[in-house]
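A.B. asks: Starting off with a structure, shown below.
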Amino acid sequence: MSDLNPINWWRRLLALPNDNLTKTLVVAFLVAFIASIFVSIAAVTLRPYHLANLEAERQGRLAAMVAALPGMGDILTGAGVDDMEAHIIDLTSGEFATHIDPATFDQREAASDPTQSSPIPSEADVAGIKQRSDFAQVIILRKDGKLHLVVLPVRGIGYQSMLYAYLAIHADGNTIAGLTFYEQGETPGIGTRILEPEWLELWPGKQLVDKNGEVLISVVRGEAVGEFEVDGISGATRTSNGVSNMLHFWLGDYGFGPFLTRLRNGEV
Amino acid sequence: MKQSLNYLTDPLVKANPVALHILGICSALAVTTSLSTALTMAGALTVVLVLSSVTISSIRNHIPTSIRLIVQITIIASLVIVMDMLLRAFAFEMSKKLSIFVGLIVTNCLVLGRAEAFARQNPVWPSLLDALGNGLGYSLILLIVGAVRELFGAGALLGYQVFPLVENGGWFEPLRLMQLAPSAFFILGLLIWIIRSWRPEQVEEPEFSILSQNDARHP
């Protein structure tokens, strides 16, 4: 006799003794299945809220960094935020890509879209990001119509997560005005010390490259010496190295190097 | 009815999960630097505890013994993930302050302890009351520790300045120790001391007695 009625089948399953192998497997499967559906529904429904929160935080960080930069507060209050403009640049040539609207450009999407990005040769990929978008956003702040600061979005692998940061550079294209991280997932209390103001305060004033254009800025173990070095975070060597490598990549030829060269030559 | 009420009230003081069973200490230390984080954590844990106990209790007759722990953990973990996502969606700043500790509710012995010790063997309604009682018991301890730490560590309660600080021209010099983890141990220890002096039946029998000097010489 073959009873195909699912309700009877279900009753028979429930009637099985609990240590029965079939019942064990079915219960295990059902619990896992229902739990995963529950979690998936929550993840999908709440995703817009998460993204909105992250976006708000990113904007807040940028505004906070801009406000904390020397003299920036005056500019923003004096001339309004019109002096802060987003531009898209072609990373390979370092020139402005005027055909792309900064308002609709999504850098993260561009970096993962094969038609808008290129793989990085492994020997050049010190930041461990494998792929970078062909175009990137830079934020240019002007004072009295003259370029005052550029803010570059950078990212790189830290100890256990991707670090996302903004690097602000003075008009000379070589002096750091500030560094701030807006997204990371490093070890709480250890790697997350990259977020501490005490450490971030070490960055302004440091130099990026030497006279020959070679990138020298780095995070060193222990005490920093000279204008190219920043103290490492003890206990977070790999996070510190990650920050160093991230800057080396983005200041180099595959990153913002060509753009910064033009900036230093006064072509921007 | 009396019995039902006991499920709810016993875990508050008489069998408090934190003070008597010493469960959930990790989060009790980590999130009690201020009252607001303690409140959020207490709420999150209570909700997870109640929902997991109700779920486990409702399928208790069909959980195979050989995989019961994994079934319980799966249910608890799913609830915790959803709770974490809810906090990140609607209380983003707070979820950043709580960082990993909401996720760590999965490993909170309190939740699994109630599932294993009570919900697995009891009907839904008593399980719900027991879970709610234990959640409130945990919350009570967290709120006391959180209130003491925020009041003496920052002179504030829920961010509202109670004692004017010296740096703002007041008289209160904040105790920096209160913002560090050891202070939670001290406060918790004092609380347990107070509860056990009040209810001596909670004092455990010593597992080893101290040897007298003679015994030590000739064991």
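The values are calculated or read from the model by the stated rules, or taken from the named source; none is laboratory data. All figures in this text were calculated on a predicted structure; none of them were measured in a lab. Positions of Cβ are generated from backbone atoms using ideal geometry, with glycine treated the same way; all protein chains shown enter the neighbour counts. When the accessible area is computed, the model is the full protein with side chains, heavy atoms only, and any ligands, DNA or RNA have been set aside. Shrake-Rupley method; radii C 1.70, N 1.55, O 1.52, S 1.80 Å.
A.B. asks: Can you tell me which of B:L49, B:L8, B:L39 is aliphatic (A, V, I, L, M), in contact with a Lys or Arg (Cβ under 7 Å, 6 or more places away or on another chain) and away from chain A (no Cβ under 14 Å)?
C.D. replies: On the way: B:L8 fails: in contact with a Lys or Arg (Cβ under 7 Å, 6 or more places away or on another chain); B:L39 fails: in contact with a Lys or Arg (Cβ under 7 Å, 6 or more places away or on another chain).
The conditions single out B:L49.
A.B. asks: Which residues, counting only those in region A:178-220, are more than 14 Å from A:A168 (Cα to Cα) and within 14 Å of chain B (Cβ to nearest Cβ)?
C.D. replies: A:E183, A:Q184, A:G185, A:E186, A:T187, A:P188, A:G189, A:I190, A:G191, A:T192, A:R193, A:L195, listed by residue number.
A.B. asks: Return the only residue of B:R176, B:R114, B:R120 being within 26 Å of B:L5 (Cβ to Cβ), out of contact with any Pro (no Cβ under 9 Å at 6 or more places or on another chain) and of a type outside the set (S, T, N, Q).
C.D. replies: Working: B:R176 fails: within 26 Å of B:L5 (Cβ to Cβ); B:R114 fails: out of contact with any Pro (no Cβ under 9 Å at 6 or more places or on another chain).
The unique qualifying residue is B:R120.
A.B. asks: Among the numbered criteria (1) farther than 23 Å from B:L45 by Cα; (2) exposed (fewer than 11 other Cβ atoms within 10 Å of the Cβ); (3) modelled with pLDDT of 80 or more, which one does B:H218 miss?
C.D. replies: With respect to (1) farther than 23 Å from B:L45 by Cα; (2) exposed (fewer than 11 other Cβ atoms within 10 Å of the Cβ); (3) modelled with pLDDT of 80 or more, B:H218 is out only on (3).
A.B. asks: While we're on this one: Keeping to region B:51-104, report how many residues are closer than 21 Å to B:G133 by Cα, of a type in the set (G, A, S) and open to solvent by 60 Å² or more (accessible area, probe 1.4 Å).
C.D. replies: Here the count works out to 1.
A.B. asks: Which members of region B:6-32 meet the condition of being in contact (Cβ under 8 Å) with a residue 40 or more places away in the chain, part of a helix (DSSP H, G or I) and open to solvent by 40 Å² or more (accessible area, probe 1.4 Å)?
C.D. replies: Once the filter is applied, which keeps residues that are in contact (Cβ under 8 Å) with a residue 40 or more places away in the chain, part of a helix (DSSP H, G or I) and open to solvent by 40 Å² or more (accessible area, probe 1.4 Å), region B:6-32 yields B:Y7, B:L8, B:T9, B:C26.
A.B. asks: Taking region A:18-55 only, how many residues are facing chain B (nearest Cβ under 9 Å), open to solvent by 70 Å² or more (accessible area, probe 1.4 Å), touching a helix residue (DSSP H, G or I) at 6+ places or on another chain (Cβ under 8 Å) and farther than 30 Å from A:Q107 by Cβ?
C.D. replies: Adding up the residues that qualify gives 2.
A.B. asks: Just the residues that are open to solvent by less than 30 Å² (accessible area, probe 1.4 Å), in a helix (DSSP H, G or I) and either within 30 Å of B:L177 (Cβ to Cβ) or of a type in the set (G, A, S) (or both), please, taken from region B:33-50.
C.D. replies: Residues satisfying the conditions are B:L35, B:T37, B:A38, B:M41, B:A42, B:A44, B:L45, B:T46.
A.B. asks: Out of (1) modelled with pLDDT of 85 or more; (2) aliphatic (A, V, I, L, M); (3) farther than 17 Å from B:A28 by Cβ; (4) within 21 Å of the chain's Cα centre (by Cα), what's the single condition that is false for B:V124?
C.D. replies: Result: B:V124 passes all but (4).
A.B. asks: A:E85 fails exactly one of the following numbered conditions: (1) outside any loop (DSSP other than H, G, I, E, B); (2) more than 19 Å from A:A165 (Cβ to Cβ); (3) modelled with pLDDT of 85 or more. What is the number of that condition?
C.D. replies: Condition not satisfied by A:E85: (3).
A.B. asks: Only helices (runs of 4 or more DSSP H) wholly contained in region B:61-130 count here; list those with 3 or more residues that are in contact (Cβ under 8 Å) with a residue 12 or more places away in the chain and within 11 Å of chain A (Cβ to nearest Cβ).
C.D. replies: B:68-90
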